[in-house]
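Here's the structure, in structure tokens; my notes come after.
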Amino acid sequence: MTDKIIEHWTHKPGRHCASTALSDLMHFYGYELSEAACFGTGEGLAFWYMEGLKPSRMMHYRSADIEKKFFENIGVEFTWHETDREEDIKQTLITSIDTNTPVLLRTDIFYLDYYKSKTHFPGHAVVLWGYNLEQNIAFISDTERKGLTRCGFGSLIEGIIHGNFPEGEHAHFAPVPRPDISLHTKKLFATSAGSNARSMLAPGGFEGYGIKGMQLASKKVLAWKDLPDWAWLARFAYQVIEKRGTGGGAFRKMYADFLEGFAGKKAVTAIRQIASRWTDIALVFKDISEAETADFTMVSDMLWIQALKEEEFYKSIQG
């Protein structure tokens, strides 16, 4: 059996999984939206302080459902397929490719055979472009990797089943047919930025989210020194700011590129400075992870200042 791959598939290596996937899909359908534009339109900026997961303490810097928010903001109906039935997932993937419809997937890289990862990392977005059932191979595009990546079909489905975050929710995947839209980009970008800013400033909701989440993290991080896995917590905190698909600076560098397309110089300068400070915070976490004893005092102070800087920024762009 020959490979079944959608003709004229598109992939430009990027910095973050979801925004790269969205940009690939939009370019495939003839809409010129950069990765940064897709990230911003999806209201990608966030802050989360969470406990009780793995690692036991963590901070994340991206919104929970950038993919769904992106399609909502461009005026396209979008619904994740949610099921853990392996046969249902496989049949949907095959049918979609047979009808030349790429599929947006959330995966856990631990199960993707080409990563050879020893660490779980759910929520990793890729796009399925083809398959070869005889060889049990799927062809996907994945963030910084060039061209199409070969992945065992069973490995991919296992990754999809365990791919949503937080763990325990159903698998999330969605065929993405051709959208019929008219993009007024500057208005779209400004509206998306304002909505993203308001969500970060909102007083309600989850205690560990947004500006109040940063303030909470500033206090909570002081107690990390008493935890048995403090070194790993510090190392992971460094990685999720700088290394794990953020583009550096906790996604704020990429967001600055988004703002370049429509916002004033003051806003762009402010977010670039914020991104640089996140990198500084990451490097302090890295130093802590390599130290013989734990002291999170400096990073606590830096997080509190960062909350003030981000609050000022979001108030300036909320519209």
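The values are calculated or read from the model by the stated rules, or taken from the named source; none is laboratory data. All values derive from a computational prediction rather than experimental measurement. Note that each Cβ is placed from the backbone with ideal geometry, even for glycine, and that neighbours are counted across all protein chains shown.
With the checklist (1) in contact with a Lys or Arg (Cβ under 6 Å, 6 or more places away or on another chain); (2) over 23 Å from Ala263 (Cα atoms) in hand, flag the one item Glu290 doesn't pass.
(1)
Exactly one condition in (1) modelled with pLDDT under 95; (2) of a type outside the set (Phe, Trp, Tyr); (3) under 18 Å from Ile6 (Cα atoms) is not met by Glu167; state its number.
Only one criterion in (1) modelled with pLDDT under 95; (2) of a type outside the set (Phe, Trp, Tyr); (3) under 18 Å from Ile6 (Cα atoms) is unmet by Glu167, namely (3).
Can you tell me which residues in segment 11-27 are surrounded by fewer than 18 Cβ atoms within 10 Å (Cβ to Cβ) and in contact (Cβ under 8 Å) with a residue 24 or more places away in the chain?
The answer is Pro13, and nothing else.
Go through segment 270-297 and report how many residues are part of a loop (DSSP other than H, G, I, E, B), surrounded by 15 or more Cβ atoms within 10 Å (Cβ to Cβ) and either among the aliphatic types (A, V, I, L, M) or free of Cβ contacts under 8 Å to residues at least 12 places away in the same chain (or both).
1
To keep it simple, each residue is scored yes or no on (1) among the β-branched types (Val, Ile, Thr); (2) modelled with pLDDT of 95 or more; (3) loosely packed, with under 14 Cβ neighbours inside 10 Å.
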residue	(1), (2), (3)
His8	no, yes, yes
Tyr29	no, yes, no
Thr41	yes, yes, no
Phe47	no, yes, no
Ala64	no, no, no
Phe70	no, yes, no
Asn73	no, yes, no
Glu77	no, no, yes
Ile89	yes, no, no
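Looking at (1) farther than 29 Å from Ala267 by Cα; (2) crowded, with 21+ Cβ neighbours inside 10 Å; (3) not charged (D, E, K, R), which is the one condition that is false for Ala193?
(1)
Is one or more of the residues making up segment 301-315 in contact with a Lys or Arg (Cβ under 8 Å, 6 or more places away or on another chain), closer than 19 Å to Leu227 by Cβ, touching a residue at least 40 places away in the same chain (Cβ under 8 Å) and not aliphatic (A, V, I, L, M)?
no
Residues in segment 191-213 that are at pLDDT below 95 and of a type in the set (A, V, I, L, M, F, W, C): how many?
Here the count works out to 2.
Output the residues belonging to segment 250-263 that are among the aromatic types (Phe, Trp, Tyr) and part of a helix (DSSP H, G or I).
Tyr255, Phe258
Looking at segment 44-158, what strands (runs of 3 or more DSSP E) fall wholly within it and have at least 1 residues that are among the charged types (D, E, K, R) and closer than 17 Å to Cys17 by Cβ?
57-62, 103-107
Could you check how many residues of segment 230-255 are surrounded by fewer than 14 Cβ atoms within 10 Å (Cβ to Cβ) and among the acidic types (Asp, Glu)?
First, the residues of segment 230-255 that are surrounded by fewer than 14 Cβ atoms within 10 Å (Cβ to Cβ): 243.
If we keep only those that are among the acidic types (Asp, Glu) as well, we get none.
The total comes to 0.
Say whether the condition of being modelled with pLDDT of 90 or more and at positive phi is met by at least one residue in segment 153-160.
no
Within segment 30-43, can you find the residues that are under 14 Å from His184 (Cα atoms), in a loop (DSSP other than H, G, I, E, B) and not acidic (Asp, Glu)?
Listed by number, the residues that qualify are Tyr31, Leu33.
Quick check on this structure: which one of Lys212, Lys266 is among the basic types (Lys, Arg), in a helix (DSSP H, G or I) and surrounded by fewer than 16 Cβ atoms within 10 Å (Cβ to Cβ)?
Lys266
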